[in-house]
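Scroll down for the structure; my scribbles are underneath it.
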Amino acid sequence: MLSVLKIGVIFICIFGLSFFSSITLASCTGCLCPGDPCNLCPLPAMQDDSPKLNEPELCGKIREKVPPTSAQPGSNEYFPNLDMSIMVCVNEGGDVIRNKQRNSEFPSRFYCKPPTSDTMSK
């Protein structure tokens, strides 16, 4: 009887957690959600990536001042480009967002969120 109760509690917990996690995933809020709602710029810009069609003006300014790099994250060449990109982003009024959960849509470790008035330009 006690083992049946334990198994029942375990199943209830598993179903409850999966239900709450599906609700959380479905209601994604913030800038790192599918569809790129904040029009983010990857920091630093990579040579392999082409600019987006609706790229904000700030992303172009970052690309101008810090040329796109082919350096891989963690290499000695990567960090100076990252630092300079962050500096340009902040100096131009953007916010830096750290991406801890990278995926195919957001592969970079850091992104620049342009000011809200800049996201509609271009």
Practice task
Report the residue count in the range 55-89 for those that are in a loop (DSSP other than H, G, I, E, B), closer than 20 Å to Lys100 by Cβ and touching a residue at least 12 places away in the same chain (Cβ under 8 Å).
Solution key: 1
Fill in the blank from the handout: Across (1) of a type in the set (A, V, I, L, M); (2) farther than 19 Å from Thr116 by Cα; (3) touching a Cys at 6+ places or on another chain (Cβ under 7 Å), Met84 clears everything bar (3)
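All of the numbers you see were taken from the coordinates with simple rules; none came from a lab. Values in this document were obtained by computation on a predicted structure and should not be read as measured data. Every residue, glycine as well, gets a Cβ built from its backbone with ideal geometry; the counts of neighbours run over all protein chains shown.
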